[in-house]
Structure formats: structure tokens, C-alpha cells
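The values are calculated or read from the model by the stated rules, or taken from the named source; none is laboratory data. All figures in this text were calculated on a predicted structure; none of them were measured in a lab. For neighbour counting, all protein chains shown are included, and Cβ atoms are generated from backbone atoms with ideal geometry for every residue, glycine included. Heads up: the accessible areas ignore ligands, DNA and RNA and are worked out on the full protein's heavy atoms, side chains in. Shrake-Rupley method; radii C 1.70, N 1.55, O 1.52, S 1.80 Å.
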Amino acid sequence: IELHIRGFAPIDGSWVGRAEVISAATRNYQKLAQQDPRIETMVEQGDNIVWLLRESGYLRDTGQRYEARGSIWWIFEGSQIQRIEEFIHATLPA
């Protein structure tokens, strides 16, 4: 499995392999607090699913609020996730 996240510096990165992806996801979720994700649209075609979403929450280390829009592209092979691509545009409102 691969996980690639771009556009939201506190959690940006690329990881390969089940253990690395699980570790990165755990670390990344620990950096955020009071997450409020909202899937606006989901498109499914073949072995691909794309979510368009909005999310808000707080950065745990600074307490600063964030707002984000983005897409998450899930690529499957059969029932197994092969790759996750996240493209996020986040703002840190005053």
C-alpha cells in the first residue's frame, strides 16, 4: 500500500508499505484535534473511488484552527487498497 498526502504541511508526506502507512496515519491523526470531515461528493469508477471533502479542526500542537478542502483518491486492486492520494488545500484562519 502507498499513501501520499500533499498540500497540508503538518501531515504532508509519502509512505510505502502497510506498517509505514499505518504508522503515518496514526501520527497524522494525533496531530489534529476535533476533526470535522464532510464528504461532499463521492465518485466511483472501476477500482477507483474519489471523495471531494471539506474538513475543519485544530492543530493539536498550536491549538490553531484549520479549514481544508481536498480530494482523496482511493485505488483498489480487488478488495485491497493499493494507493491513497490526498490533495489538500488548507487555510489557517486568524
Quiz item: Just how much of Thr91 is accessible, in Å², when a 1.4 Å probe is used and the result is rounded to the nearest 10?
Solution: 60 Å²
Quiz item: Out of these labelled values of Rg/Rh (Cα atoms, Kirkwood Rh), (i) 0.96; (ii) 0.98; (iii) 0.93, which was calculated from the coordinates shown here?
Solution: (ii)
Self-check item: Residue list for the range 1-29, given a label point 7 angstrom along the Cα-to-Cβ vector of Gln64 and an amide N cut-off under 16 Å
Solution: 7-12
Quiz item: By how many degrees, between 0 and 90 and to the nearest 10, does the Cα long axis of helix 18-30 differ from the longest principal axis of the chain?
Solution: 20 degrees
Quiz item: Ordering Phe76, Phe8 by how much accessible area each has at a 1.4 Å probe, largest first, what is the list?
Solution: Phe76, Phe8
Practice problem: Rank these by accessible area, largest first, 1.4 Å probe: Asp61, Asp47. | Solution: Asp61, Asp47
Quiz item: So how exposed is Trp51, as accessible area in Å² (1.4 Å probe, rounded to 10)?
Solution: 70 Å²
Self-check item: Options Pro10, Ala25, Thr41, ranked by Cα towards positive dipole end of the chain, top entry (Cβ charges)
Solution: Pro10
Exercise. Could you state how much accessible area Val21 has, in square angstrom rounded to the nearest 10, with a 1.4 Å probe and all protein chains kept in place?
Key: 20 Å²
Practice problem: Just the number, please: percent antiparallel of the DSSP beta bridges in the chain, rounded to the nearest 5. | Solution: 90 percent
Quiz prompt | Which of His89, His4 is most accessible, then next, and so on - probe 1.4 Å | solution = His89, His4
Exercise. With the full set of protein chains in place, find how many percent of the accessible area of the chain is carbon and sulfur; take the probe as 1.4 Å.
Key: 53 percent
Quiz item: On full extension of the chain, what length is gained from Ala9 through Glu40, given 0.36 nm per residue of separation minus the C-alpha to C-alpha distance?
Solution: 8.9 nm
Quiz item: Which of Gln35, Gln64, Gln45 moves most in a GNM of the chain, Cα contacts under 10 Å?
Solution: Gln45
Quiz item: Remind me, relative contact order of the range 1-43 in percent, using alpha carbon pairs under 8 angstrom and six or more residues apart?
Solution: 29 percent
